[in-house]
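K.L.:
Attaching a single structure in C-alpha cells format; questions to follow.
Values in this text are rule-based calculations from the coordinates and carry no lab data. What you are looking at is a predicted structure, and each value in this text was computed from that prediction instead of being measured. Neighbour counts are summed over all protein chains in view; Cβ atoms, including those assigned to glycine, are modelled from backbone coordinates with ideal geometry.
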Amino acid sequence: MGLFNRKREVGSNFDEKKADEIFDSIGETNEKKASDNIKKDISLTKDISSLLKQAKESDDNAAIGIYEKVLAMAPDNIEAYEGLSRIYQKTDNPDKEREILKKAVMKVSGPKKENLMKRLKEL
C-alpha cells in the first residue's frame, strides 16, 4: 500500500471487508491526486523555465509579454521581475521599473532584496 495506510479500526456494526474496500479506495484516490499534482508542478516548472529562456532571447516588447505570462503563472518568480526591471531600465521607463521593483521587493529576502531596494532608491 502507499502513503495513506493506517491502522483500521472498525466498529461492531460495520462490515469490516466493506470498510477496508472504502478505505483502500480513498487512499488510492488521494495517492493518485498527489501524484497528479506533482506531475503538474513539474510540468509548470518546465514551462516557466522554457519561457524565461525564450524571454532572454527575445526583443524587449516580446520579452515583456513573456515575463508577464510567467508572473501570471508564478507570481513569486523573481527572475521575471528582474527581467522586466532590466528592460524598463534599458528603455528608460522609470515609472514601470519602480512599479515592478516594488512588487519584487515583497517577494524576496536577503541579498536579492537588498539589491532590489538599492535600485529602487536610485530611481
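K.L.:
Could you state, as a whole-number percent, how many of the C-alpha pairs of segment 16-122 are farther apart than 19 Å? The partial results should precede the final answer.
P.N.:
Numbers: 3188 of 5671 pairs.
Tail of P(r) above 19 Å: 56 percent of Cα pairs.
K.L.:
At a Förster distance of 41 Å, what's the computed FRET efficiency of N93 paired with I26, Cβ-Cβ distance as r, to 0.05? Spell out each step's value before the answer.
P.N.:
Values: r = 54 Å, r/R0 = 1.31.
Between N93 and I26 the formula returns 0.15.
K.L.:
Filter the GluC sites (Glu not before Pro) in segment 33-88 to those in DSSP coil with at most 13 other Cβ atoms within 10 Å of their Cβ, and list the result.
P.N.:
Numbers: sites: E57, E68, E79, E82; in loops: E57.
Within segment 33-88, the qualifying GluC sites (Glu not before Pro) (loop, at most 13 other Cβ atoms within 10 Å) are E57.
K.L.:
In addition: With +1 on each Lys and Arg Cβ and -1 on each Asp and Glu Cβ, and nothing else charged, work out how big the dipole of segment 16-122 is about its Cα centre, in Debye to the nearest 20. Don't jump to the answer; show the numbers that get you there.
P.N.:
Numbers: 22 positive and 22 negative charges, 104 e Å.
Its charge dipole is roughly 500 debye.
K.L.:
Same structure, new question: For I38 and K53 in the same chain, what is the full-extension length gain: residue separation times 0.36 nm, less their Cα-Cα distance, in nm? Could you put the intermediate results ahead of the total?
P.N.:
Numbers: separation 15, 0.36 × 15 = 5.40 nm, distance 2.28 nm.
Using 0.36 nm per residue and subtracting the Cα-Cα distance, I get 3.1 nm.
K.L.:
Still on this structure, please answer the following. Take the cross-link list K56/K121; K40/K69; K39/K107; K69/K107; K90/K118 and give me the ones stretching past 20 Å between alpha-carbons.
P.N.:
Working: K56/K121 26 Å; K40/K69 17 Å; K39/K107 25 Å; K69/K107 17 Å; K90/K118 17 Å.
Going by Cα-Cα distance, K56/K121; K39/K107 fall outside the 20 Å limit.
K.L.:
Pull out the extension gain between T45 and K18, defined as 0.36 nm times the separation in residues minus the alpha carbon to alpha carbon distance; nm, one decimal. Don't jump to the answer; show the numbers that get you there.
P.N.:
Details: separation 27, 0.36 × 27 = 9.72 nm, distance 4.07 nm.
Once the chain is fully extended between T45 and K18, it gains 5.6 nm.
K.L.:
Also, I was wondering about something else. Using the Karplus equation 6.51 cos²θ - 1.76 cosθ + 1.60 (θ = phi - 60°), what ³J(HN,Hα) coupling, rounded to whole Hz, does each residue of segment 59-66 give in order, writing x for Gly and Pro?
P.N.:
Result, rounded to whole Hz: 6, 4, 4, 5, 4, 4, x, 5.
K.L.:
Now a separate question. If you filter segment 64-118 for trypsin sites (Lys or Arg not before Pro), then keep DSSP loop positions with at most 16 other Cβ within 10 Å, what is left? The partial results should precede the final answer.
P.N.:
Details: sites: K69, R86, K90, K96, R98, K102, K103, K107, K112, K113, K118; in loops: K107.
Listed in order of number, the matching sites are K107.
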